[in-house]
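Asks: Here's a structure for you.
Taken together, the values in this text are just the output of simple stated rules run on the coordinates, not laboratory data. Bear in mind the structure is a predicted one, so any value in this text is a computation, not a measurement. We place every Cβ from the backbone using ideal geometry, glycine too, and count neighbours over all the protein chains shown.
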Amino acid sequence: MTAMQPITAPQTFDVARIRQDFPILSQLVRGKRLVFLDSAASAQKPRSVMDAERDIYEAGYANVHRGVYWLSQRATDEFEAVREKVRQLLNAREAREIVFVRGATEAINLIAQSFGRAFLSSGDEVLISHMEHHSNIVPWQMLCEEKGAKLRVIPMNDAGELLLDEYNALLNERTKLVAVGHISNALGTINPVKEMIATAHKQGIPVLIDGAQGVPHLTVDVQDLDCDFYAFSGHKMFAPTGSGVIYGKREWLEQMTPFQGGGDMIRTVTFEKTTYAGLPNKFEAGTPAIASQIGLGAAIDYLNSIGRERAFQYEHELLSYATERIGPIDGVRLIGTAREKASVLSFTIDGVHPHDIGTILDQEGIAVRAGHHCAQPVMQRLGVPATARASFAFYNTRAEIDALALAIEKVIEVFA
Amino acid sequence: MSDLSELYQQVILDHNKKPRNFRILEGANRKAEGVNPLCGDQLVVYLDVEDDVVKDISFEGSGCAISKAAASMMTQSVKGKTRKEAETLFEEFHQMVTGELDEEVTPNTLGRLTIFSGVREFPARVKCASLSWHTMHAALNGEQLVSTES
């Protein structure tokens, strides 16, 4: 080579090197190399996340926010450092707007309980969308039943895109909250949440974004989005299970009542009256998932170290490749064909139930999800009982998508 | 060994494509619905039981190849059997797919239903194979709804 190489050569994403960070990916399944295409359900963990969890137990573990001794202070410092990392990840104004929870499900339940208790009355409305995960449906349903409020649903088209005119028409003076997913776990649709938030805010209506699939695949800036609440799980973004976050604007969180009662969320307790701690502790009763949240901090560090933007760009290219490779196979129908999509390829095969697809792919070492993806209303809307879903992370490769395509052809052969 | 061809044998694929007794049974005097909420499989089994004999049986619904073929062959096996014979088949089938009964060692009345023995190598699919049997058992006993997750 000469010395004439352009200085601005495109930075390639070195997936082979990335894969070495994920020990599980080199394991054999039924004698074949594991092809893991189910990251939307839960993502695999890099070694640095496992190390962080082990390190805290080996050298830095004690309960947080309690001890006067050195070890407890060290655990507290590490734990609180994660709050600052999450603040930076989401570009929140203040670290106290970051509340630690067990995952997106608990995050949404927290808002349903604490926001709902303070702001929802009989006759009010909560607005969700037709493509929500059950965890962004059921807590609102339970709340509405309790309060005599009404759950309303933004419809979508056959491609899996929300109908924004209908959305605008549904917003009214009784609407107390909008709760919508950033990215659909069943379809991969990226919803135009920034625009939707702006529309709701014109009428003074706060918006919660379910970011369970958002944070692992998009750069999220809560100030730019101007969302009032943003929920996500650690385990879908390469962190341990039991870690998770609900971001809330301080002005909302301050007006809300606590979620659960217990230790760590109080200022003073007598049998007559308890006063509550300030943010974020007011919402963090009991001993938290200390090691898991520290693992979340390590996952954020990891994403920063590999370059989040480049990783997301690579995932986007993978999805395009998969769509081109799988979509045209005779008998395959893609479910979810929105213009803006991320990371998810849901499909059916004529005459073959998704569970049979899942079992046959498994024989090839390929892990996909088969079923309703905890989004039964989506399945009902699109007239399918279930789909097979391949979901991608930056550790997947084109070769794995080729393996998927070959295995799909095998399924069609078995059922021919 | 968990060989794919053990699970998806030609007979099973054929019953999936052309399920037998796949209809609503006019004049049924018992019926039950079976659901697997985890995968969305749903079927209804209809029975016409007279003098303790299953005079006629049918099913309808949707599900994977294993559940559909199992339901189809279940109806063929149970038709004309006494209630007691049907219950014995249910027990034996259930034991076979959960690995409690080795059909090659223990005497049984399963006959060609033994082609479902391969299912026990696929734990995630055992419920698919047994849903219609549980539903038939429920209908026989006057229950109306059976769920794999109750």
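Asks: Quick one: give the max-minus-min coordinate of the C-alpha atoms of the stretch A:234-295 along each principal axis, largest first, in Å.
Replies: 44, 25, 14
Asks: Sum -39500 (n - 2.57) across every DSSP H segment of at least 4 residues in chain A, then divide by the residue count to get the 222 nm mean residue ellipticity, nearest 500. Please list the in-between numbers first.
Replies: Values: 14 runs with 159 residues, N = 416.
Estimated from H runs of four or more residues: -11500 deg cm²/dmol.
Asks: Tell me, A:Lys194, A:Lys45, B:Lys79 in order of fewest to most beta-carbon neighbours within 10 Å?
Replies: Details: A:Lys194 14, A:Lys45 23, B:Lys79 18.
Ranked by crowding around the Cβ, least crowded first: A:Lys194, B:Lys79, A:Lys45.
Asks: Please give the Cα centre distance for the stretch A:38-55 versus the stretch A:216-244, rounded to the nearest Å.
Replies: So the two Cα centres are separated by 16 Å.
Asks: Modelling each spin label as a point 7 Å along the Cα-to-Cβ direction, I'd like the A:Asp226/A:Asn157 distance in nm, to one decimal.
Replies: Distance between the two pseudo-spin positions: 2.6 nm.
Asks: Top mean-square fluctuation among A:Ile266, A:Ile401, A:Ile137, Gaussian network model of chain A, C-alpha springs under 10 Å?
Replies: Most flexible of the set in this elastic network: A:Ile266.
Asks: Please report the base-10 log of the normalised intensity I(q)/I(0) for the stretch A:1-158, using a Debye sum with one equal scatterer per alpha carbon and no solvent, at each q in 0.10, 0.18, 0.19, 0.21 (1/Å).
Replies: The Debye formula, applied to the Cα set alone, gives -0.71, -1.18, -1.20, -1.28.
Asks: Just counting partner chain Cβ atoms within 10 Å, what average do the residues of peptide A:361-374 show around their Cβ? Mind showing how you got there, number by number?
Replies: On the way: counts 0, 4, 7, 1, 0, 0, 0, 0, 0, 3, 4, 4, 0, 0.
If you average over the peptide's residues, the count of other-chain Cβ atoms is 2.
Asks: For A:Thr105, B:Thr114, A:Thr270, A:Thr76, which order do you get if you count the other beta carbons within 10 Å of each Cβ and list the fewest first? Don't skip to the end; give the middle numbers.
Replies: Working: A:Thr105 21, B:Thr114 14, A:Thr270 7, A:Thr76 17.
Ranked by crowding around the Cβ, least crowded first: A:Thr270, B:Thr114, A:Thr76, A:Thr105.
Asks: Can you list the trypsin sites (Lys or Arg not before Pro) in the stretch A:276-365 that are in a DSSP coil and have 13 or fewer other beta carbons within 10 angstrom? Walk me through the numbers before you get to the answer.
Replies: On the way: sites: A:Lys282, A:Arg308, A:Arg310, A:Arg325, A:Arg333, A:Arg339, A:Lys341; in loops: A:Arg339.
Those satisfying the criteria are A:Arg339.
Asks: Where both partners of a DSSP beta bridge lie in the stretch B:4-147, what percent of those bridges are antiparallel, to the nearest 5? Write down the numbers at each step before the final one.
Replies: Numbers: 17 of 21 bridges.
Close to 80 percent.
Asks: Ok, one more. Mean Kyte-Doolittle of at least 0.0 plus a Cα span of 18 Å or more along the axis: flag which DSSP H helices in chain B meet both, please. Walk me through the intermediate numbers first.
Replies: Working: long enough: B:65-78 (19 Å, 0.66); B:83-97 (21 Å, -0.83); B:126-140 (21 Å, 0.54).
Helices meeting the span and hydropathy rule in chain B are B:65-78, B:126-140.
Asks: Let's test the formula: R0 of 25 Å, r as the Cβ-Cβ distance of A:Thr274 and A:Glu251. What FRET efficiency results, to the nearest 0.05?
Replies: Numbers: r = 23 Å, r/R0 = 0.93.
The pair A:Thr274/A:Glu251 has a calculated efficiency of 0.60.
Asks: In terms of modelled amide H atoms, which long-range or inter-chain residues lie less than 5 Å from the amide H of A:Ile266?
Replies: Those lying under 5 Å, H to H, from A:Ile266 are A:Ala277.
Asks: Report, in cubic angstrom per residue, the convex hull volume of the C-alpha atoms of the stretch B:34-113. Before the final figure, lay out each step's value.
Replies: Numbers: hull volume 7.7 nm³, N = 80.
Here the figure is 96 Å³ per residue.
Asks: Something else about it: Under a 5 Å amide H to amide H cut-off, with H placed in plane at 1.01 Å, what residues pair with A:Val35 once short-range neighbours are removed?
Replies: Excluding prolines and chain starts, which carry no amide H, the hits are A:Ile366, A:Ala367.
Asks: Still on this model: Is the shape of the stretch B:85-150 best called rounded, prolate or oblate, per the rule: a/c under 1.5 gives rounded, else a/b larger than b/c gives prolate, else oblate, with a ≥ b ≥ c the square roots of the Cα gyration tensor eigenvalues?
Replies: Values: a/c = 2.58, a/b = 1.35, b/c = 1.92.
Verdict is oblate for the stretch B:85-150.
Asks: Suppose each label sits 7 Å from its Cα in the direction of the beta carbon; what would the A:His134-B:Arg112 distance come out to in nanometres?
Replies: In this crude label model, A:His134 to B:Arg112 measures out at 3.8 nm.
Asks: What's the exposure ranking of A:Ser42, A:Ser114, A:Ser48, going from fewest to most Cβ atoms within 10 Å? Before the final figure, lay out each step's value.
Replies: Values: A:Ser42 12, A:Ser114 23, A:Ser48 16.
Starting with the residue having the fewest Cβ neighbours, the order is A:Ser42, A:Ser48, A:Ser114.
Asks: Expected output is a single nm value to one decimal: the length gained when fully extending between A:Ala59 and A:Asn168, i.e. 0.36 nm times separation in residues minus the C-alpha distance. What is it? Walk me through the numbers before you get to the answer.
Replies: Working: separation 109, 0.36 × 109 = 39.24 nm, distance 5.38 nm.
Full extension from A:Ala59 to A:Asn168 adds 33.9 nm.
Asks: Across chain B, how large is the tail of the calculated P(r) beyond 18 Å, expressed as a percent of all Cα pairs? Could the numbers behind the result be given before it?
Replies: Numbers: 5854 of 11175 pairs.
Considering chain B, 52 percent of its Cα-Cα pairs are separated by more than 18 Å.
Asks: Per residue of the stretch A:184-191, in order, report the coupling 6.51 cos²θ - 1.76 cosθ + 1.60 (Karplus, θ = phi - 60°) as ³J(HN,Hα) in whole Hz, putting x for Gly and Pro.
Replies: So the Karplus estimates, Gly and Pro as x, are 6, 6, 8, 10, x, 4, 8, 7 Hz.
Asks: Rounded if a/c is under 1.5, else prolate if a/b is larger than b/c, else oblate: which is the protein assembly as shown, with a ≥ b ≥ c the root eigenvalues of its Cα gyration tensor?
Replies: Prolate shape, in that a/c is at least 1.5 and a/b is the bigger ratio.
Asks: Between the stretch A:103-122 and the stretch A:352-388, what is the C-alpha centre distance in whole Å?
Replies: Centre-to-centre distance over Cα atoms comes out at 31 Å.
Asks: HN-Hα J couplings of the stretch B:28-39 from phi, Karplus 6.51/-1.76/1.60, θ = phi - 60°, integer Hz, Gly and Pro as x?
Replies: Result, rounded to whole Hz: 5, 10, 9, 8, 8, 10, x, 10, 10, x, 6, 10.
Asks: Separation of the stretch B:9-73 and the stretch A:327-344 by C-alpha centroid, Å?
Replies: Going from one Cα centre to the other spans 33 Å.
Asks: With springs connecting C-alpha atoms under 10 Å apart, model chain B as a Gaussian network and identify which of B:Lys68, B:Lys84, B:Lys127 has the largest mean-square fluctuation.
Replies: Judging by the Gaussian network model, the answer is B:Lys84.
Asks: Further question: Give me the percent of DSSP beta bridges within chain A that run antiparallel, rounded to the nearest 5. Display every interim value, and only then the final one.
Replies: Numbers: 29 of 47 bridges.
So the antiparallel bridges in chain A amount to around 60 percent.
Asks: Largest first, please: the extent of the C-alpha atoms of the stretch A:49-304 along each principal axis, to the nearest Å.
Replies: 58, 47, 27
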